[in-house]
1. What is the sum of charges, Lys and Arg at +1 and Asp and Glu at -1, for the other residues whose Cβ falls under 12 Å from the Cβ of residue 52?
2. If you take every residue apart from residue 39 with its C-beta less than 13 Å away from the C-beta of residue 39, what net charge results, scoring Lys and Arg +1 and Asp and Glu -1?
3. Taking the Cβ of residue 128 as the center, what net charge do the other residues with Cβ under 13 Å away carry, scoring Lys and Arg +1 and Asp and Glu -1?
4. I'd like to know which of 141, 89, 62 lies farthest towards the positive end of the charge dipole of the stretch 44-186, counting +1 on Cβ of Lys and Arg and -1 on Cβ of Asp and Glu.
5. Assigning unit charges at the beta carbon (Lys, Arg +1; Asp, Glu -1) and nothing else, what dipole magnitude in debye, to the nearest 20, does the stretch 38-186 show about its Cα centre?
6. Between the stretch 111-145 and the stretch 31-107, what is the C-alpha centre distance in whole Å?
7. Going by the alpha-carbon gyration tensor, a ≥ b ≥ c the square roots of its eigenvalues, is the stretch 71-183 rounded (a/c under 1.5) or, if a/c is not under 1.5, prolate (a/b greater than b/c) versus oblate?
8. For the stretch 39-155, with all protein chains present and a 1.4 Å probe, just round the carbon and sulfur fraction of the accessible area to a whole percent.
Amino acid sequence: MSGSVSTESSRSLASPLTHFDERGASRMVDVTAKPITLRMARAAGCLRMAPETLRVILDRRAAKGDVLEVARLAGILAAKRTDELIPLCHSLGLEAVELSFHPCDDQRLRIEARVTTQGRTGVEMEALTAVSIAALTVYDMVKAIDRSLVIESIRLEEKTGGRSGRFLHPEAQSHPSDGIDTNPDS
């Protein structure tokens, strides 16, 4: 096939998925006519690791440096460059990107990203990308002491703005339980 989708497949893809045209071809959604509104997305994920690994991270004793601050910067940078990583994402001028880290217990670290902008399209992908890259950065920085670290449960927790309004994941946490926010600005 020369990059086209069969007629039967294109009919099922064309209506619910906006990144495909009526023939099933990929496209960037035209948001020209959409109003500019305040958009916010919050995503989260979890890292599961050996208890000693989490202690090393929280005590800032990793050989490569402050794991959480490097991961925070990586997540912010990733959010700003999401359009370069995800082919059909729009380029957005982000107003704010915040990442926080919270130990859930002695083996799990929760990463949360909150992204905002004034725009014609949402920032869900930017928040999800920030969490993903921050998690990968943590893995990279501690893999020498814990290669069994697992990245899990990355998901959109909440989004606001735009025509569809507010979305809140049924299992979303508004605040991490029994955790300490390692963001010095909060």
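1. Every neighbour counted, the sum reads -1.
2. Residues near residue 39 contribute +3 overall.
3. Details: positive: 42, 114, 155, 159; negative: 112, 124, 126, 157, 158.
Residues close to residue 128 contribute a combined charge of -1.
4. 89
5. Computed charge dipole of the stretch 38-186: roughly 340 debye.
6. The stretch 111-145 and the stretch 31-107 have Cα centres spaced 3 Å from each other.
7. Verdict is oblate for the stretch 71-183.
8. Numbers: 2730 of 5200 Å².
Solvent-exposed carbon and sulfur of the stretch 39-155 make up 52 percent of the total.
The values are calculated or read from the model by the stated rules, or taken from the named source; none is laboratory data. Only a predicted model underlies this, so the values are computations on that prediction, with no experimental measurement involved. Backbone-built Cβ (ideal geometry, glycine too); neighbour counts: all protein chains shown. We work out accessible area using only protein heavy atoms, side chains counted, and drop any ligands, DNA or RNA first. Shrake-Rupley method; radii C 1.70, N 1.55, O 1.52, S 1.80 Å.
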